[in-house]
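Engineer: Have a look at the structure that comes next, please.
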Amino acid sequence: MSIYKPPVVKRPIKLQNNGSTKIVYRTIKNIHRLKDSHELGTATINRTSYMVRKSGIYWVVV
């Protein structure tokens, strides 16, 4: 019998480097919903873990 695994959801993350904006799709782990309706999570981009927060449609690196 196989073990149930939830589907992997890749969410859009907006990266800003020196004025240029880039959108990458990554899996966000440890999503926490705060009292003031903000969401925080962690995402791995280029083998580095970043804190990200929900901002409209996209997630933004904190």
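Engineer: Need the list of lysines near residue 35 for cross-linking: C-alpha distance under 27 angstrom, and skip anything on the same chain fewer than eight residues off.
Structural biologist: Leaving aside lysines fewer than 8 places away in the same chain, those within reach of residue 35 are 10, 14, 54.
Engineer: Step through the residues of the stretch 26-39 one at a time and calculate ³J(HN,Hα) from phi using the Karplus curve (6.51 cos²θ - 1.76 cosθ + 1.60, θ = phi - 60°), rounding each to whole Hz and writing x for Gly and Pro.
Structural biologist: Karplus values, whole Hz, x for Gly and Pro: 9, 7, 10, 10, 6, 6, 10, 9, 8, 4, 8, 6, 9, 10.
Engineer: When ligands, DNA and RNA are left out and all protein chains stay put, how many square angstrom of accessible area per residue does the chain have with a 1.4 Å probe?
Structural biologist: On the way: 5380 Å² over 62 residues.
Accessible area per residue: 87 Å².
Engineer: Cα convex hull of the chain: how many Å³ per residue? Show your work: numbers first, answer last.
Structural biologist: On the way: hull volume 7.0 nm³, N = 62.
So the per-residue hull volume is 113 Å³.
Engineer: Would you kindly find the accessible area of residue 50, with a 1.4 Å probe and non-protein molecules such as ligands, DNA and RNA excluded, rounding to the nearest 10 Å²?
Structural biologist: Accessible surface of residue 50 is approximately 90 Å².
Engineer: Same structure again: Where Lys and Arg each count +1 and Asp and Glu each count -1, what net charge lies around residue 44 among other residues with Cβ under 11 Å from its Cβ? Intermediate results must be reported in sequence, preceding the final value.
Structural biologist: On the way: positive: 26, 29, 47; negative: none.
Around residue 44, the charge tally is +3.
Engineer: Let me ask something else about it. Going 7 Å from the Cα of residue 8 along its beta-carbon direction, which residues of the stretch 37-62 have the amide nitrogen within less than 20 Å of the resulting point?
Structural biologist: Of the residues in the stretch 37-62, 41-52, 59 have backbone N under 20 Å from the label point off residue 8.
Engineer: Right, next: List the residues, sorted by chain then number, that are 5 or more residues from residue 45 or on another chain and whose placed amide H is less than 5 Å from its amide H.
Structural biologist: Placed amide hydrogens put 50 under 5 Å from residue 45.
The values are calculated or read from the model by the stated rules, or taken from the named source; none is laboratory data. It should be emphasised that the depicted structure is a prediction, and the values quoted were computed from it without experimental measurement. So basically every Cβ, Gly included, is an ideal-geometry build from the backbone, and we count neighbours across all protein chains shown. Note: accessible area is taken over every heavy atom of the protein model, side chains too, but ligands, DNA and RNA are not part of it. Shrake-Rupley method; radii C 1.70, N 1.55, O 1.52, S 1.80 Å.
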